[in-house]
Amino acid sequence: MDARIDRVTSAANTWIVGDDEEVIVIDPGDDAAAVLAKIGDREVLAVICTHGHAGHAAAAIEVADRDAALIALHPADKSAWHEVHPETDPDISMEEGGAFEVAGVTLEVVHAPGHSRGSVCLYCEALEALFTGDVVTSTGPVARADGYPDFGKQLDAIGAQVLTLPPDTRILPGHGDEFTVAVAEKRFDSWVAAGQDGWRLKHHDDDEIDDE
Ligand SMILES: [Zn+2]
């Protein structure tokens, strides 16, 4: 297995999963040129958006178009997507249990609503990695500029879809640095305790401040 994971950071983290021949892009962010430079001459099979917010999905069409790749989004995030790309629909409606193959590994679609209704994580068992978008970062569940759309649901999703994975699983989030399921498990109670207003105390520079 030669699959590896590359990272580009613009408004959000972009994760590129693939080998020397082909890749899948998770969250193209807002800098298509930087993402395409990192991909080089490898073929883009698909562009997966963990959700439809601008900081994560703005460059989706430009990145996908180079190799006529398909764009995947959960249907519950279509209205968020259309705020960014009013003229275009995603090509693939991702649902819980769906899967993508690239470079000999599988990315499984895990529906994790809360941050947005159509937020998903992508789980790659072979690479022991979970791509979480804004479901959870190392500082906790990501809010939007005006707070959490559904804090309870987001915590439920973290409990059911993230903390149930093997503790050594790498969490590759939409913002900031990677951490592990074991670390998330340790911090989870403090995120619950911080509650709905905990996000106001944080100072991470993510796109959620201005992408509405
Ligand atoms: Zn978001």
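Things worth noting here:
- Contact order for the chain, expressed relative to its length and based on alpha carbon pairs under 8 Å spaced 6+ residues apart, stands at 16 percent.
- In plain terms, the residue of F131, F179 with the fewest other Cβ atoms within 10 Å comes first and the most crowded comes last, giving F179, F131.
- In plain terms, the residue of V47, V8 with the fewest other Cβ atoms within 10 Å comes first and the most crowded comes last, giving V8, V47.
- Across the chain the C-alpha pair distances fall into 10 Å bins from zero in the proportions 9, 39, 38, 13, 1 percent.
- Given their separation in residues at 0.36 nm each and the Cα-Cα distance between them, T164 and D41 gain 40.6 nm when the chain is fully extended.
- Modelled spin labels at E125 and D6, positioned 7 Å past Cα toward Cβ, are 2.8 nm from each other.
- Label zone at D177 (point 7 Å along Cα-to-Cβ), backbone N below 17 Å, the stretch 132-146: 137-140
- Phi angles of the stretch 50-58 translate, via the Karplus equation with coefficients 6.51, -1.76, 1.60 and θ = phi - 60°, into HN-Hα couplings of 5, 6, x, 5, 4, x, 9, 10, 4 Hz per residue; Gly and Pro are given as x.
- When the Gaussian network model of the chain links Cα atoms closer than 10 Å, the mean-square fluctuations of D77, D146, D134 top out at D146.
- Note on V192 and E21: the model spin-label points, each 7 Å out from Cα along the C-beta direction, lie 4.7 nm apart.
- Here the relative contact order of the stretch 1-126, from alpha carbon pairs under 8 Å that lie six or more residues apart, stands at 21 percent.
Throughout, read-outs are computed from the coordinates displayed, never taken from laboratory work. It should be emphasised that the depicted structure is a prediction, and the values quoted were computed from it without experimental measurement. Because the Cβ atoms are built from the backbone with ideal geometry, glycine has one as well, and the counts that use them run over all protein chains shown.
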